[in-house]
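Beneath this line is the structure, given in structure tokens, with notes to follow.
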Amino acid sequence: MARITALIENAGQVLTCAADAPDLVGVRTDAAVAISDDVIAAVGTPAEIAAAHDLGDAQRIDAGGGLVMPGFVDCHTHLVFHRSRVEEYAQRVQGRSPAEIRAMGIPMGISATARMMREASEEQLAESAAERLAHMLSFGTTTVESKSGYGLNTATEIKMLEVNRALNMRQPIEVVSTFLGAHEFPEDRSREAYIAEILDEMIPEVARRGLAEFNDVYCDDGYYTVAESRAILERGLEYGLKVKIHTDAYSHIGGSTLAADLQAVSADHMNYTAPEEYEALRKAGVVCVVMPALDFAVGHSRPFDARAMMDAGLTLALATDMCPGCWLESMPFVVQLACRLYRFGPAEAIRAGTLHAARALDRADRIGSLEAGKQADIAIFPYERYEDMAYRLGRGRARTVLKAGRIVFADDRETA
């Protein structure tokens, strides 16, 4: 008989999001969640849990008739950056072209953020990123992937990844690090010299310090070619870094085929992915990470075709793409955009932001669903039913969030 340290009871609905859930979210209206230290001990009726477990010392957590579900996994972000690009954004939403914005003297794009990064200390970067993480936590996110990529030199890329490591020690959300040195090209070196720096300096040093789990590259027209991307990703594999890829965001040059060939953990953006590539991606087990907020923020001329990808049997995950060009901290808002603009059903969207997003970080064996033995990462929302998350536009604040079985956020307000 397991000793239960916490019991979540009085839920309106519990979503397990288990892999075999026929409704995709495993909705239950008669369930409580029992926690033993940092893991889920059981999901069952109160009577079943009481009969099988010792509840004598359990902390009782009242869900207040609300929605109990796995914590969100935000599997694609550019969390660490300095300052913002609000002036650029304000001009873009008015329809001004990049040339017009540059003529106004406004810094633009990845290179502008890279210049800002170099003047920031690690502590400044950690402080601003921690504030964003606190907001993410309040919206029920318990795991966040964070990429480098705004350094464009070895020292600054390492600095960003060191900030990720520091953030793991100072706040409750798990931060998963991805090296993205191949995000853009620097202004002060040739293309060839910078790729050599990535291959011969950055990747070995990132691996030596144990600063990243994944290696990512921006494979798209105007960025890294398929051949360059392959070389960078294969070098990462030599050093134990698993493959991710930004691809097909603004063109189709073969990045999705490369993702399938290298059996990438995920391929992200997918606006121009060709239907004939779907089967190869599916067979390779590549999770396709799509980001409705990014398409919304940039007014993308070719939004990703989520319905076609899902109908083809691809595994889709959702993420915020939190970055200077898409400042978003709320996964519930991503669910709302996915449902209204991209034809996800509410159950499909929630699963994409939990279990499938965990797969995109190679963590579905321990997070992303409420099942016995998995880590007790749990969000409680003041919704009577899960469809309300898609329906109540602009809302999404959690009532209570647990990370590894411990309450790390609590909000007594009655509205989400």
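Descriptive notes on the structure:
- When residues of the stretch 363-416 are limited to those that are of a type in the set (K, R) and under 18 Å from the mean Cα position of the chain (by Cα), the one nearest to L7 (Cα to Cα): K403
- Among the residues making up the stretch 164-190, those that are part of a helix (DSSP H, G or I) and among the polar types (S, T, N, Q) are N164, N168.
- Candidate set from the stretch 87-120 (those that are surrounded by 13 or more Cβ atoms within 10 Å (Cβ to Cβ) and polar (S, T, N, Q)); member that is nearest to the chain's Cα centre (by Cα): T113
- Close contacts from the stretch 342-357, counting a first residue that is in contact (Cβ under 8 Å) with a residue 12 or more places away in the chain and closer than 18 Å to A379 by Cα and a second that is among the polar types (S, T, N, Q) and assigned to a loop (DSSP other than H, G, I, E, B), with Cβ to Cβ under 8 Å and a gap of 6+ residues or different chains, come to T354/S369; L355/S369.
- Considering the stretch 126-159, and only residues there that are β-branched (V, I, T) and assigned to a helix (DSSP H, G or I), the residue that is farthest from M69 (Cα to Cα) turns out to be T154.
- The residues of the stretch 127-185 that are among the hydroxyl-bearing types (S, T, Y), more than 30 Å from D221 (Cα to Cα) and open to solvent by 10 Å² or more (accessible area, probe 1.4 Å) amount to a single one, S128.
Let's see how each residue does on (1) of a type in the set (A, V, I, L, M); (2) at positive phi:
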site	(1), (2)
D74	no, no
R85	no, no
E100	no, no
I110	yes, no
R115	no, no
E131	no, no
T143	no, no
G149	no, yes
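- Yes/no for I195 being in contact (Cβ under 8 Å) with a residue 60 or more places away in the chain, in a helix (DSSP H, G or I) and open to solvent by 10 Å² or more (accessible area, probe 1.4 Å): no
- Filtered residues of the stretch 230-287 (kept if among the polar types (S, T, N, Q) and in contact (Cβ under 8 Å) with a residue 40 or more places away in the chain): S266
- Selection from the stretch 181-198 of residues that are over 11 Å from Y224 (Cβ atoms) and not acidic (D, E): P186, R189, S190, A193, A196
- Of the residues contained in the stretch 308-331, none is found to be polar (S, T, N, Q) and more than 17 Å from the chain's Cα centre (by Cα).
- If you go through the stretch 198-236 and pick out every residue that is assigned to a helix (DSSP H, G or I) and open to solvent by 10 Å² or more (accessible area, probe 1.4 Å), you end up with 15.
- Members of the stretch 302-339 that are of a type in the set (K, R) and either farther than 25 Å from P22 by Cβ or in contact with a Ser or Thr (Cβ under 8 Å, 6 or more places away or on another chain) (or both): R302
- Residue check, E276 closer than 21 Å to R307 by Cα, of a type outside the set (S, T, Y), modelled with pLDDT of 95 or more and in the same structural domain as I110 (by the TED database): yes
- Cβ separations smaller than 6 Å between residues 6+ apart or across chains give the following pairs from the stretch 312-338 residues that are assigned by the TED database to the domain that holds V80 to residues that are polar (S, T, N, Q) and outside any loop (DSSP other than H, G, I, E, B): P324/T113; M331/T141.
- Among the residues of the stretch 360-416, the one identified as over 21 Å from R28 (Cα atoms), open to solvent by less than 10 Å² (accessible area, probe 1.4 Å) and out of contact with any Lys or Arg (no Cβ under 9 Å at 6 or more places or on another chain) is L361.
- I245 falls short on exactly one of the conditions (1) touching a helix residue (DSSP H, G or I) at 6+ places or on another chain (Cβ under 9 Å); (2) farther than 24 Å from K159 by Cβ, and that condition is (2).
- Residue match in the stretch 346-353 (condition: assigned to a loop (DSSP other than H, G, I, E, B), closer than 19 Å to A306 by Cβ, hydrophobic (A, V, I, L, M, F, W, C) and not assigned by the TED database to the domain that holds R60): no
- When the stretch 262-294 is filtered for residues that are open to solvent by less than 10 Å² (accessible area, probe 1.4 Å) and acidic (D, E), only D268 remains.
The values are calculated or read from the model by the stated rules, or taken from the named source; none is laboratory data. In this text the structure is predicted, and so the values were computed from the model without any measurement. Here the Cβ is made from the backbone with ideal geometry for all residues, glycine too, and neighbour counts use every protein chain on show. The area values use the complete protein model at the heavy-atom level, side chains included, leaving out ligands, DNA and RNA. Shrake-Rupley method; radii C 1.70, N 1.55, O 1.52, S 1.80 Å.
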